[in-house]
Amino acid sequence: MTSEPLSRARIVAAAIDLIEREGADAVSMRRIAAELGVGVMSLYNHVPNKDALLNGVAEAVLSEIEFTDDPDAHWTDRVRMQARAFRQIAHDHPRSTMLVVSRQLHSSAGLLPVERALATLRSAGFDGVHAVRALRMFIAFIVGSLLREVGVTPTFAPDHQHMVTGVEVDATLFPEVSALSSLLNRCDHEAEFEFGVELLIQAIAVHPKRREGTR
């Protein structure tokens, strides 16, 4: 209970806190009202429905991204900075990150990362078509990495359980899996993320559609 007036920001903050404790499935207007100690109908003066509330959560999390983007830096350094800034939200709000990557947002908070990424790729020498394709490729990689990192897709990154063990794998049928089982059973998320970002940067740097002589 608090004397602080009810507001959209308070409601969204309560939803974020609940999601981080119990997951997005725990969110309902009634549950948020109970968390805030108010009547459920009072929430609708600030948030029209649950869908809008979840969008608000995604926007709030995205708005916390701290871009240290330097427009004068080389485009490869700008890509690295933007990718790392987006990854940071998985550390700050691991469960709420799932809403960020699963909802299409048209607000300023949702469009700003897209705008910065496209501007960077355009400055790297890509035309509009290939800048959008490169952006989608990076998004697919980053989202996949974040899903794995926060435990939604445990394949090849089983921090909590072993994917395979040398004992249970038939080395005759699966010689590589058997030989590399110890590597498959551990994952340095930061190293994996940096490896992927560098691999993608190197790939697009030599793409034939990129104009040479651009920063």
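Here are the numbers for this structure:
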{"item": "Nearest-ten-degree value, helix 189-205 long axis tilted from longest Cα axis of the chain", "result": "60 degrees"}
{"item": "Principal axis dimensions, largest first and in whole angstrom, of the chain by Cα", "result": "60, 54, 24"}
{"item": "Between 0 and 90°, nearest 10: helix 128-149 axis offset from the chain longest Cα axis", "result": "70 degrees"}
{"item": "Relative contact order (%) - the chain, alpha-carbon pairs under 8 angstrom, separation at least six", "result": "18 percent"}
{"item": "Protein accessible area in the chain, 1.4 Å probe - carbon and sulfur %", "result": "55 percent"}
{"item": "Cα convex hull of segment 1-124 - mean projected area over all directions, nm²", "result": "8.2 nm²"}
{"item": "With Cα atoms, 0 to 90° folded angle of helix 50-62 axis to the chain main axis", "result": "50 degrees"}
{"item": "Net charge of neighbours whose Cβ lies under 15 Å from the Cβ of Ala109, counting Lys and Arg as +1 and Asp and Glu as -1", "result": "-2"}
{"item": "Computed E for His106/Thr68 - FRET, C-beta separation, R0 25 angstrom, nearest 0.05", "result": "0.50"}
{"item": "Average accessible area per residue (Å²) across the chain - probe 1.4 Å, nucleic acids and ligands excluded", "result": "57 Å²"}
{"item": "Most to least packed among 105-112, 168-175 [average Cβ atoms within 10 Å]", "result": "105-112, 168-175"}
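The values are calculated or read from the model by the stated rules, or taken from the named source; none is laboratory data. In this text the structure is predicted, and so the values were computed from the model without any measurement. FYI the Cβ positions are ideal-geometry reconstructions off the backbone, even for glycines, and counts take in every protein chain you see. What goes into the accessible areas is simple: the full protein's heavy atoms, side chains included, and nothing from ligands, DNA or RNA. Shrake-Rupley method; radii C 1.70, N 1.55, O 1.52, S 1.80 Å.
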